Amino acid sequence: MSELPLLPVTAVGSYPKPAYLLEARRKYLRRQIDKETLTELERRATREWIQIQEELGMDILVDGEQYRGDMVAYFADELAGFAIAGMVRSYGNRYYPKPVVVGPVGRKAPVTVEWFRYAQSLTAKPVKGMLTGPYTIAEWSFNEHYPTRRDLVLELARAVHDEVVDLERAGAAFIQIDEPAIHTRPQEDFELAVEAMEIVTRGTSAYTVSHICYGDVPKIYPAMLRLAVNQLDLALKNEEFALLETFRTAPFTKDIGLGVVDAHSHRVESVDEVAEGIRKTLRVIPAGQVHVSPDCGLKTRTVDETVGKLRAMVEAARLVRSELSETQERGNVRVRG
Ligand SMILES: [Zn+2]
């Protein structure tokens, strides 16, 4: 695998599903097609997204999660100990299937490894392994089995750790553990989330990322820098980089996955706009620590919007990279002179 450039460009995880796959998922639920037919179309959509990312010139690719519905229900379905309670309302008008823990949780078999292997087989670029973290799985489930939530979170952490080990064995050099629920109860629970992440990433030599989107990040900063991962991937664009003020209060000691395009807006950002967001960030966090990323998964955007946003990210990263090397060259001339 080739070395990463400065300001490597990546994505958070999900991409929209093409129309033929949405149709196939509906048919599968009505039992009009079998699992193999659905899987074949999920593989086709994965191939298409890998090809799009390669053509755009992204640096660390994702499989686009074409085989997933919800990020928690997907893992709950695959792990032992869960049942599905039906649809629960989250913020706004979003409904999601909320899992119930009804017995001891654990892996029956590797969950994501086959999809990782498949996506990685399609490209020479690194593909990120993509997992949902134990705190978020526990927070978005009902617990009817464990005496405390702590017991549940730590048991889930061990299951997710096993998946990390298997992904690394399968060749994953980058592994992301999504924890969007981490700031739900920062006072009571942040230490628990830290302890859980230590279990998840213990002993791995893969480069680890945790995606934490939206919510009250200032409330968990700088404590969040204690999470046992190399990179925190965060949404900056949706609040126009207001978080940079928070990061000025204490040095950002990890790498950052810098959200530079709004995952919830139809508008495709211009290259200049994205480049300006990166430049602003480099006044607070050194370029060597910055990966360029969307704010969140892009599954709710259209395919065209997604490609437009990814392209703006790639071109903006190129632009800022060339500005940085010009500045450096001028610096060198000055030193030599
Ligand atoms: Zn997110």
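Anything in the stretch 154-195 that is assigned to a loop (DSSP other than H, G, I, E, B), open to solvent by less than 10 Å² (accessible area, probe 1.4 Å) and within 18 Å of Ala109 (Cβ to Cβ)? List them, or say none.
Just the residues of the stretch 154-195 that are assigned to a loop (DSSP other than H, G, I, E, B), to begin with: 170-173, 179-185.
Among the residues that remain, those that are also open to solvent by less than 10 Å² (accessible area, probe 1.4 Å) are: 172, 179, 181-182.
Result: Ala172, single match.
Report yes if Pro222 is farther than 26 Å from Phe116 by Cα and either small (Gly, Ala, Ser) or touching a residue at least 12 places away in the same chain (Cβ under 8 Å) (or both), otherwise no. Spell out how you get there, then give the answer.
Working: farther than 26 Å from Phe116 by Cα: yes; either small (Gly, Ala, Ser) or touching a residue at least 12 places away in the same chain (Cβ under 8 Å) (or both): yes.
For Pro222, the condition - farther than 26 Å from Phe116 by Cα and either small (Gly, Ala, Ser) or touching a residue at least 12 places away in the same chain (Cβ under 8 Å) (or both) - is met.
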Leading residue by the ranking (nearest to the ligand (Cβ to nearest atom)) among those in the stretch 246-265 that are open to solvent by less than 10 Å² (accessible area, probe 1.4 Å) and part of a loop (DSSP other than H, G, I, E, B): Ala263
Filter pass, Leu243 being closer than 24 Å to Ala228 by Cα, hydrophobic (A, V, I, L, M, F, W, C) and within 16 Å of the ligand (Cβ to nearest atom): yes
Cβ pairs under 9 Å, 6+ apart, first in the stretch 101-118 and in a helix (DSSP H, G or I), second open to solvent by less than 10 Å² (accessible area, probe 1.4 Å) and of a type in the set (Ser, Thr, Tyr): Trp115/Thr46; Tyr118/Thr46
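Report whether or not His145 is touching a residue at least 60 places away in the same chain (Cβ under 8 Å) and part of a loop (DSSP other than H, G, I, E, B).
Working: touching a residue at least 60 places away in the same chain (Cβ under 8 Å): yes; part of a loop (DSSP other than H, G, I, E, B): yes.
Here the answer is yes, as His145 does meet what is asked.
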Meets criteria (surrounded by 16 or more Cβ atoms within 10 Å (Cβ to Cβ), at pLDDT 95 or above, hydrophobic (A, V, I, L, M, F, W, C) and over 30 Å from Thr184 (Cα atoms)) for Ala45: yes
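Can you pull out the residues in the stretch 1-47 that are assigned to a loop (DSSP other than H, G, I, E, B) and closer than 25 Å to His264 by Cα? Break it down stepwise before answering.
Narrowing the stretch 1-47 to residues assigned to a loop (DSSP other than H, G, I, E, B): 1-8, 10-13, 15-18, 30-34.
Matches in the stretch 1-47: Leu7, Pro8, Thr10, Ala11, Val12, Gly13, Tyr15, Pro16, Lys17, Pro18.
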Qualifying residue in the stretch 126-147 (condition: open to solvent by 10 Å² or more (accessible area, probe 1.4 Å), among the β-branched types (Val, Ile, Thr) and modelled with pLDDT of 95 or more): no
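The values are calculated or read from the model by the stated rules, or taken from the named source; none is laboratory data. Computed from a predicted structure; not experimentally measured. Cβ sites come from the backbone with ideal geometry, for glycine too, and all protein chains shown count toward neighbours. Calculation scope for accessible area: heavy atoms of the full protein, side chains included, ligands and nucleic acids excluded. Shrake-Rupley method; radii C 1.70, N 1.55, O 1.52, S 1.80 Å.
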